[in-house]
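Reading through the structure tokens given below for one structure.
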Amino acid sequence: MNKESIKINPQIIFTNGQLNGPDVIHKKKYLSQLNGLFEDAAAFKEMAGDQIAYEVDAWCPVTEGTEGGLFFGLTHLYPGTVGDEYFMTHGHFHEMENRAEYYWGIEGEGMLVLMDKEGNTRGETMFPGSLHYIPGFTAHRVANIGNGILRFGACWPSDAGHNYETINTEGFSKRVKKIDNKALLV
Ligand code: PAN
Ligand code: ZN
């Protein structure tokens, strides 16, 4: 085997749940970028918008939009609340609506919020090792319901795309809130 045919693959660091490698992209989502998504706008305004809500490490081995390929990501969602609502990812439907996805819990405690096209919302608890199948036509968002960081993995089709707009305008029909120190989907 010649040198050119040996590739350096990304590496999952099991001790801190990060993904490293020359082809891995790292994205930061600041709290300010989640403006309008939390119910308590007054509490949101009081918070430092330059704090990081979550980070995503992603490996996209094929061009975005390629049919038949797969993307891989690790999300690191920080703990906290805006009012009584837990920190959460933006959430989205896939642009190519029928595209499904896997999520799995790595560290911490979470709630995966799933909403179908009729606006029916349900939750699945995430914990280290929990595995979640997100069917097509289903919006998905994750809330960190623990006291520490929440890390989870994701694998989705490279032609899925992300539709954030519908969530910006219509949101999810239920929110994950801290009520009497318990996480409830209300
Ligand atoms: C995930 C998400 C990631 C961040 O990789 O993109 O957890 O969440 P938002 O995209 O909603 O900000 C995924 O679902 N990809 O399709
Ligand atoms: Zn997705």
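Numbers at a glance
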read-out	value
Residues of segment 165-186 that turn out to be crowded, with 19+ Cβ neighbours inside 10 Å and either within 15 Å of ligand 2 (Cβ to nearest atom) or of a type in the set (Val, Ile, Thr) (or both), as a count	3
Tally, over segment 79-101, of residues that are in a loop (DSSP other than H, G, I, E, B) and either surrounded by fewer than 20 Cβ atoms within 10 Å (Cβ to Cβ) or away from ligand 2 (no atom under 14 Å from the Cβ) (or both)	12
Residue match in segment 61-71 (condition: within 16 Å of ligand 2 (Cβ to nearest atom), aromatic (Phe, Trp, Tyr), surrounded by 14 or more Cβ atoms within 10 Å (Cβ to Cβ) and closer than 23 Å to residue 9 by Cβ)	yes
Matching residues in segment 117-164 - criterion: being more than 28 Å from residue 20 (Cα to Cα) and more than 14 Å from ligand 2 (Cβ to nearest atom)	117, 118, 119, 120, 121, 122, 123, 124
Residue match in segment 147-160 (condition: hydrophobic (A, V, I, L, M, F, W, C), within 9 Å of ligand 1 (Cβ to nearest atom) and out of contact with any Phe, Trp or Tyr (no Cβ under 6 Å at 6 or more places or on another chain))	yes
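Values quoted throughout were computed directly from the atomic coordinates according to the rules given, and no laboratory measurement underlies them. Just so we're clear, the structure is a prediction, and the values are computed from it rather than from any experiment. Glycine also receives a Cβ, built like all others from the backbone with ideal geometry; neighbour counts cover every protein chain displayed.
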